[in-house]
1. How do the pairs read when you match residues in region 11-27 that are under 17 Å from LEU72 (Cα atoms) and at pLDDT below 80 with residues anywhere that are surrounded by 15 or more Cβ atoms within 10 Å (Cβ to Cβ) and basic (Lys, Arg), using Cβ under 7 Å and keeping only pairs 6 or more apart or on different chains?
2. Confirm whether ASP53 is surrounded by 13 or more Cβ atoms within 10 Å (Cβ to Cβ), at pLDDT 85 or above and outside any strand (DSSP E or B).
3. Within region 40-54, which residues are touching a Leu at 6+ places or on another chain (Cβ under 6 Å) and of a type outside the set (Lys, Arg)?
4. In region 82-98, is there at least one residue being touching a residue at least 12 places away in the same chain (Cβ under 8 Å) and closer than 23 Å to GLN13 by Cα?
5. Check region 31-40 and report whether any residue there is assigned to a helix (DSSP H, G or I) and modelled with pLDDT under 80.
6. Being part of a strand (DSSP E or B) and touching a Lys or Arg at 6+ places or on another chain (Cβ under 6 Å), is that true of even one residue in region 61-72?
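The values are calculated or read from the model by the stated rules, or taken from the named source; none is laboratory data. All values reported here derive from a predicted model rather than from experimental measurement. Here Cβ is always computed from backbone atoms with ideal geometry, including for glycine, and neighbour counts include all displayed protein chains.
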Amino acid sequence: MPISEGYAGSEDQLLLVMRLAFALALTPEARGTRPEFLFLDEPLVSSDEIRRDEIMQLLKTELAQYFNQIILVSHVQGLEQDVDHIVRLEAGRIAEEFSQ
C-alpha cells in the first residue's frame, strides 16, 4: 500500500522515534557533556490528536530530562497550552512572540 493510502502517519512516527533514538544514543554523557537542545521539524504533522498528545507528553517529561531546550517547529494548531515559549513567523519574519 502506498504511503498516501494510510501509512504516512505511521511512517512519520517511526522516523520520529528513530531521530530521537539517534539523538539520545549520541549524547556523550560519559564525558560529562550533553547537547543543550533538540530540534524537531514537524514531528506531529501526520499524527492524530491522541498521538500528538502522547508525543507532547514525552517531550515535556522524558526528553526534558536530557535537553535544556526542545525546539519544535509545527503548523499544527492547538499546541499553545503544551509549550513554554511561542514564536510565530509570517513570511520568514517574527510576527508574534510570547512566553507562558
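1. Matching pairs, first to second residue: GLN13/ARG51.
2. yes
3. LEU40, PRO43
4. Checking region 82-98: at least one residue is touching a residue at least 12 places away in the same chain (Cβ under 8 Å) and closer than 23 Å to GLN13 by Cα.
5. yes
6. Taking every residue of region 61-72 in turn, none turns out to be part of a strand (DSSP E or B) and touching a Lys or Arg at 6+ places or on another chain (Cβ under 6 Å).
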